[in-house]
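Only one structure is covered here, and it is reproduced in the block below.
Just so you know, all these numbers are worked out from the coordinates, no wet-lab data involved. As the structure is a computational prediction, the values presented were derived from the model and not from experiment. Ideal geometry is used to build each Cβ from the backbone, glycine not excepted, and the neighbour counts take in all protein chains shown.
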Amino acid sequence: MAEADQSSEPAPAPAAPVEINAVPVRRPGRLVAGFLIIVVAAALIKSAATNPRFGWGTVGEYLFAPTVMEGLVKTIELTFLSMIIGIGIGVLLAVMRLSPNPIVVAASGFYIWLFRGTPVLVQLLFWAFIAALYPVISLGVPFGPALVNLDANTWITPFVAVLLGLGLNEGAYMSEIVRAGLLSVDEGQEEAAKALGMRRMMTMRRVILPQAMRVIIPPTGNETIGMLKTTSLVSVLAYTELLYAVQLIYATNYKQIPLLIVASIWYLVLTTILSIGQYFIERHYGRGTAREVPPTLLMRIWQSFSTWRHTRVEIPEPTRHGL
Amino acid sequence: MSDAMIKAEAVHKRFGRNEVLKGITLDVAPGEVMCLLGPSGSGKSTFLRCINHLEKINSGRIWVDGNLVGYRQKGDVLHEISERDVAQEREQIGMVFQRFNLFGHMTAEQNIIEAPVRVAGLKPDVARAEAKVLMDRVGLGDRLDAYPAQLSGGQQQRVAIARALAMKPKLMLFDEPTSALDPELVGEVLDVMRALAADGMTMVVVTHETGFAKEVGDTVVFMDDGVVVESGDPVSVFENPQHARTQAFLSKVL
């Protein structure tokens, strides 16, 4: 029937599809929740603004004070150097953990057991008092002659002690993250590399690790932010990072709250910067995969606000290809 | 040794208590295309993986181009060879996998030049020029910059073949190269393999493509339960199988 009709008269031009433009469902629950949160937030802001004991004037006065700036620089320095040590040790331990040699595996396991099993504050104190344990550090043949003798008090400066404490501890945690990343890479990748004549270490460096990065980066970002805040523990060793810097100031002027706010503001600024950096690193290592990097928290909040207004703002779409 | 490209003698392989290969003896001549057929679990893939020492054999010997695979014999004693020497042996043997196993973080070109540059020490621009030639040969000359995830299964497998060829192997091993492909993509991969065979490459192909085995194979080997049940030229094995197990298998797949 239909065929006969078609043959007698030309088919009508297909009509342009009509966009659906329906009235959205009302969501009163969302409105109520949003309203409540705004009321509570307004109350908090009012209290913060009007309570003179917050001392916002003092906060502004000390936010860029030279002592605070020096402390800030030290905090950044410690965070990055300890993370570099931690990541280096973490990769080494993770590769050792997957070694065919049982003694190498055991050594890696022991390290992780020791450094993950004791509080980082205790470890920091140990390093600070290392000179009491080893007054002289000898480098040389084990059980044989020493080649170099180093005086622990001169070489293990507070900075070195703090760096060792934070970095060696971080290595234990990073190794588990790296190991999870290595195990996430399909075994076929290693086989293909072997079949091409690549050796174990080259396969690890060129094939496995780069692909493990996708899994390693997000928790490492977390660890870095954690490390940023863990550096504040170092204040107990009288090392002048951000927290100890503000403590030094409030020890003389007794304005504890404003100065702790100063420190908190800087910690938040650094954390924000780190989160943004993480997004771009994740995107870099996500290349070659069809799966897109999820938008950051800020982007998600922005997106949900814009859907509320029914005008969807285009979030930069990671390139998605594939067949 | 003899002038066989591959010579296997009484090869046994166990996984734990499970004996997967129970004495495989066969020869592959230079330029020969040998197709291994058989039900799954018959040991075809395991045998293939023994040829480039991805699996260690438990007894017997395999020689590739006259060299004992994975060992060196001094008198009556076998010595394991170092990782470096195993790697060197593998350079000569190309392998193509069922699941392609392209390096996911590298483009097609980077996949192809990785081993020539890093292992064989070729200059990157020389390797890139060769990669272009190889990609043209597998019909993907315009997809050098594509990542594996941007390619179809058939295209990925063709890149994988190009990657193996980039090391200029004497021998190519194919482990069910079309089994993970959608039916309409099988042909393009078989075409590349057909051309390779016509160029005189020595090939060992584990496959379920009886059509390919019949057309391209010089020898067809039917394996079942870890042993070679029957082997010979495709016509005699396919048209006139002698063994009941071969007949039963062929009646199902043909």
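Our analysis of the range B:141-183 gives Rg over Rh at 0.99, with the two radii drawn from alpha carbon positions and Rh computed by the Kirkwood formula. The order of the peptides B:76-84, B:103-111, A:236-244 by mean Cβ neighbours within 10 Å, most packed first, is B:103-111, A:236-244, B:76-84.
Summarising the label geometry, the points placed 7 Å from Cα in the beta-carbon direction at residue B:152 and residue A:125 lie 6.8 nm from one another. When Rg and the Kirkwood radius Rh are both evaluated on Cα atoms of the range B:16-105, their ratio Rg/Rh stands at 0.97.
When the Kirkwood radius is taken over all Cα pairs of chain B, what Stokes-Einstein diffusion coefficient follows at 10 °C and 1.306 mPa s, in µm²/s?
Details: Rh = 18.8 Å.
So the translational diffusion coefficient is about 84 µm²/s.
For the protein assembly as shown, the spread of Cα coordinates along the three principal axes comes to 100, 99, 47 Å, biggest extent given first. Rounded to the nearest 10 degrees, the inclination of helix A:209-230 to the longest alpha-carbon principal axis of chain A is 60 degrees. Counting only alpha carbon atoms, the long axis of helix A:102-117 and the longest principal axis of chain A meet at about 90°. Estimated at 0.36 nm per residue, the fully extended path between residue A:274 and residue A:110 surpasses their Cα-Cα distance by 55.9 nm.
For the protein assembly as shown, what does the helix formula give at 222 nm: sum of -39500 (n - 2.57) over DSSP H segments with n ≥ 4, over the residue count, nearest 500 deg cm²/dmol?
Details: 24 runs with 313 residues, N = 577.
Mean residue ellipticity, 222 nm, calculated: -17000 deg cm²/dmol.
On a C-alpha basis, how far is the centre of the range B:71-130 from the centre of the range A:99-146 in Å? Whole number, if you could? Comparing the Cα centres of the range B:71-130 and the range A:99-146, I get a distance of 39 Å. Taking a point 7 Å from the Cα of residue B:199 along the Cα-to-Cβ direction, the residues of the range B:147-167 with backbone N closer than 14 Å to it are B:158-167.
A 18 angstrom limit on the alpha carbon distance is what I want to check against. Which of B:214/B:252; B:56/B:170; B:22/B:74; B:170/B:214; B:123/B:168; B:7/B:214 exceed it? Violating the 18 Å Cα-Cα cut-off are B:56/B:170; B:22/B:74; B:170/B:214; B:7/B:214.
In whole Å, how far is the Cα centre of the range A:47-71 from that of the range A:219-263? If we compute the Cα centre of each part, the gap is 14 Å. Along the axis of the charge dipole computed for the protein assembly as shown (Cβ charges of +1 for Lys and Arg, -1 for Asp and Glu, origin at the Cα centre), the listed residues B:37, B:213, A:209 are led at the positive end by A:209. Using the average count of surrounding beta-carbon atoms within 10 Å as a protection proxy, the listed peptides A:24-31, B:161-168 rank, highest first, as B:161-168, A:24-31.
If R0 is 51 Å, what FRET efficiency do you get for residue B:247 and residue A:183 from their C-beta distance, rounded to 0.05?
Working: r = 45 Å, r/R0 = 0.88.
For residue B:247 and residue A:183, the calculated efficiency is 0.70.
If you wrap the Cα atoms of the range A:145-206 in a convex hull and average its projected area over all directions, you get 7.5 nm². Compared with the direct C-alpha span, the chain from residue A:265 to residue A:42 gains 78.3 nm at full extension, assuming 0.36 nm per residue. Under the convention that each Lys and Arg Cβ holds +1 and each Asp and Glu Cβ holds -1, the size of the dipole of the protein assembly as shown around its Cα centre is about 2240 debye. The calculated pair-distance distribution of chain A uses every alpha carbon pair, bins of 20 angstrom beginning at 0, and gives 21, 42, 27, 8, 3, 0 percent. Applying 1/(1 + (r/R0)^6) with R0 = 30 Å to the Cβ-Cβ distance of residue B:225 and residue B:254 gives a FRET efficiency near 0.90.
R0 = 45 Å: FRET efficiency of residue B:17 with residue B:218, Cβ-based, nearest 0.05? Walk me through the intermediate numbers first.
Values: r = 36 Å, r/R0 = 0.80.
Efficiency computed from Cβ-Cβ geometry: 0.80.
Fully extending the segment from residue A:150 to residue A:133 would add 4.8 nm, taking 0.36 nm per residue of separation and subtracting the current Cα-Cα distance.
By the gyration tensor of its Cα atoms, with a ≥ b ≥ c the square roots of the eigenvalues, what is the shape of the range A:226-275: rounded for a/c under 1.5, prolate for a/b over b/c, or oblate? Walk me through the numbers on the way to the answer.
Numbers: a/c = 3.28, a/b = 1.42, b/c = 2.31.
Note, shape of the range A:226-275 comes out oblate.
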